[in-house]
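Contents: one structure, followed by commentary.
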Amino acid sequence: MLSKLLSALDGRLKQAAIATTTPPLKKPVSTASSQEYIAEAGYRKLGWRALRRRLVFRLSGQAKFKINSLENIGKRGLWLYFGEGQIGDALMDLAPRSLLHAQGFSMDLLTDKALARLFHGDPWLATVTGDVSVVAGVPYDFVIVLSHKRRSLQPKTRYFRGLPWASILEDFTGPNFDRSGYATQRLADLLGLELSPAEFSQHACQKLKPCEASAGLEQQTSQLEQAIALSVGGVDPLRTYTRWPEVMKQLMRRGKRDFLLVGGDNGMAEAGQIEREFGDSAHVHNYVGKSSLEQSHCLLAASRVAVCADGGLMHLAATTQAPLIGLFSSAIRPQWRLPSRPATMAICSTSADINDAPPQEIAEKILLLYDEPRR
């Protein structure tokens, strides 16, 4: 009897693990192997996690308000973007807001205050705010959330409990996947649309409003027309490129001596070291730890070529017209992260450590893109 119960439980855990690693889409998007992901993480671990999340979801009381179509509902919606606070994830997950706009929907965005600043003035959204009081009294027809996870659903449950809602990821939690493609296909499914390849690419492309010179960098950006932008610093050592001095030396041998350093506080020590090493032999514009997200966006947009490790700055650069080179570890397929547009290249490390990407190859690709016209 006990063995039968254990076998039944084991089967239930396998089913739950498979369900949360299979995208619930009408058309597939590119993902890593779910079988390999389950084998690596363990189906019991994934299954128990899925069952716990399902329990929390049921207790939230939101199942009865969930909808699976936006075809027969009003056009006034609120996108609650919580659960992922990363710049890159937000730019990918929110990329197809342009699809809702094209279909006549008026969408507001409530998100973290830092992300709200990034999307301020967005041409595809009506109101963008990090303050729930701004949108609390608006008569919305529906709400969109990122997933069924507690952090994504909590603002919905707390402030907009009785509104119909749709989910982008639903129960899907992995493996690695094409985020902007997934979100685009999910919205197309909710709208009952068949998108052409050109339409799909347009809406899946990461986007922001054009950079405004009013970010306080008018004079600075005018000096960056020949500068090669390098992203310095990072949180994850395996996704933080530290061999920029080798890249710069390769480029200086070819006559390129104008460099722009961008990044957050975690790159300040490295940027200072680069500035000291090359200050007398090259023109180094060091803005690491000295510029806001909005200003970093403008700096990258003004550069001749932007070279960024897979992360927030790379995604910011992807929303500009600057030629872009993305650096990736072996775990990520570039097509999951980079937009399909001209003057965009990828360099992949042969291992999980992005620093295995050869400086000479990076320098060669920079030179290839240096004279490329902007799109």
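Since every read-out is calculated from the coordinates, none of them should be taken as a lab result. Not measured: the values here are computed from a predicted model. Reconstructed Cβ throughout: ideal geometry from the backbone, glycine too, with neighbour counts over all protein chains shown.
Identify, among Leu327, Ala363, Tyr37, the residue whose Cα sits farthest towards the positive end of the charge dipole of the chain, taking +1 on the Cβ of Lys and Arg and -1 on the Cβ of Asp and Glu, with the dipole about the Cα centre. Positive-most Cα among the choices belongs to Tyr37. Comparing Gly88, Ser98, Pro155 along the charge dipole axis of the range 63-204, the residue lying farthest to the positive side is Pro155, per the Cβ-charge model. In terms of Cα to Cα distance under 27 Å, which lysines are near enough to Lys26, apart from those fewer than 8 places away along the same chain? Correct list for Lys26: Lys14, Lys64, Lys66, Lys75, Lys149, Lys156, Lys207. Taking Cα centre as origin and charging only the Cβ of basic (Lys, Arg, +1) and acidic (Asp, Glu, -1) residues, the dipole magnitude of the chain rounds to 1600 debye.
Quick check: residue separation of Asn266 and Ala352 times 0.36 nm, minus the Cα distance between them. What number comes out in nm?
Details: separation 86, 0.36 × 86 = 30.96 nm, distance 2.08 nm.
Contour length minus the Cα-Cα distance gives 28.9 nm.
Ordering Lys249, Lys27, Lys207 by the number of other Cβ atoms within 10 Å of each residue's own Cβ, fewest first, gives Lys27, Lys249, Lys207. Exposure proxy for Glu225, Glu372: other Cβ atoms within 10 Å of each Cβ, ordered fewest to most, give Glu225, Glu372. Rounded to the nearest 0.05, the FRET efficiency derived from the C-beta distance between Ser30 and Lys113 at R0 = 25 Å is 0.15. In the elastic network of the chain, a GNM with C-alpha springs shorter than 10 Å, the most mobile of Leu59, Leu238, Leu118 is Leu59. Normalising the Debye intensity of the range 63-204 to I(0), with uniform scatterers on Cα atoms only, and taking log10 at q = 0.18, 0.19, 0.20, 0.22 Å⁻¹ returns -1.04, -1.19, -1.35, -1.71. With respect to the chain, whose longest principal axis is taken over its alpha-carbon atoms, helix 2-20 is tilted by about 50°. Scalar couplings 3J(HN,Hα) for the range 196-212, obtained by applying the Karplus form with A = 6.51, B = -1.76, C = 1.60 to θ = phi - 60°, are 6, x, 5, 5, 4, 4, 4, 7, 7, 5, 5, 8, 9, 4, x, 4, 9 Hz; x denotes Gly and Pro. In this structure the amide hydrogen of Asp353, modeled in the peptide plane, comes within under 5 Å of the amide hydrogens of Ser330, none closer than 5 places in sequence on its chain.
Given the chain, report the % of alpha carbon pairs whose separation exceeds 28 Å.
On the way: 34549 of 70125 pairs.
Of the Cα pairs, 49 percent sit more than 28 Å apart.
Highest GNM mean-square fluctuation among Pro323, Pro245, Pro96, for the chain modelled with Cα contacts below 10 Å: Pro245.
Distances between placed amide hydrogens fall under 5 Å for Ser30 paired with Asp178, all partners being 5 or more residues away or on another chain. A Förster radius of 22 Å combined with the Cβ-Cβ distance from Ser201 to Ser330 puts the calculated FRET efficiency at roughly 0.30. Taking Arg161, Arg58, Arg333 in turn, the Gaussian network model of the chain (Cα-Cα springs below 10 Å) assigns the largest fluctuation to Arg58.
Hydrodynamic radius of the range 1-98 by the Kirkwood approach over all distinct alpha-carbon pairs: 16.7 Å.
Between Ile144 and Leu78, Trp79, Leu80, Ala166, the built amide H atoms are under 5 Å apart, and every one of these is 5 or more places off in sequence or on another chain.
Using a simple spin-label model with pseudo-atoms 7 Å out from Cα toward Cβ, Ser106 and Thr242 lie 5.3 nm apart.
Most simply put, the chain has about 5% antiparallel DSSP beta bridges, counting only bridges with both residues inside it. Modelled spin-label separation between Asp371 and Glu212, with each label point placed 7 Å from Cα along the Cα-to-Cβ direction: 3.7 nm. In plain terms, if you count all Cα to Cα distances in the range 213-370 and split them into 10 Å steps from zero, the share in each step is 12, 45, 37, 6, 0 percent. With the simple spin-label model, which puts each label point 7 Å out from Cα in the Cβ direction, the Leu5 to Val132 separation comes to 4.1 nm.
Couplings for the range 167-180, taken from phi via the Karplus curve 6.51 cos²θ - 1.76 cosθ + 1.60 with θ = phi - 60°, read 10, 7, 7, 6, 8, 5, 10, x, x, 4, 7, 6, 5, 5 Hz in order; Gly and Pro are left as x.
One Cα centroid belongs to the range 97-138, the other to the range 255-309; the line between them spans 31 Å. Between Gln273 and Met252, the FRET efficiency from the beta-carbon distance, with R0 = 22 Å, is close to 0.85. Backbone geometry of the range 118-128 corresponds, through the Karplus equation with coefficients 6.51, -1.76 and 1.60 at θ = phi - 60°, to 3J(HN,Hα) couplings of 5, 9, 4, x, 4, x, 9, 10, 7, 10, 10 Hz, x marking Gly and Pro.
Placing a label point 7 Å from the Cα of Arg161 along the Cα-to-Cβ line, no residue of the range 121-146 has its backbone N under 15 Å from it. Between Tyr287, Leu5, Leu193, the Cα set farthest toward the positive side of the dipole of the chain (charges on each charged residue's Cβ, about the Cα centre) is that of Leu5.
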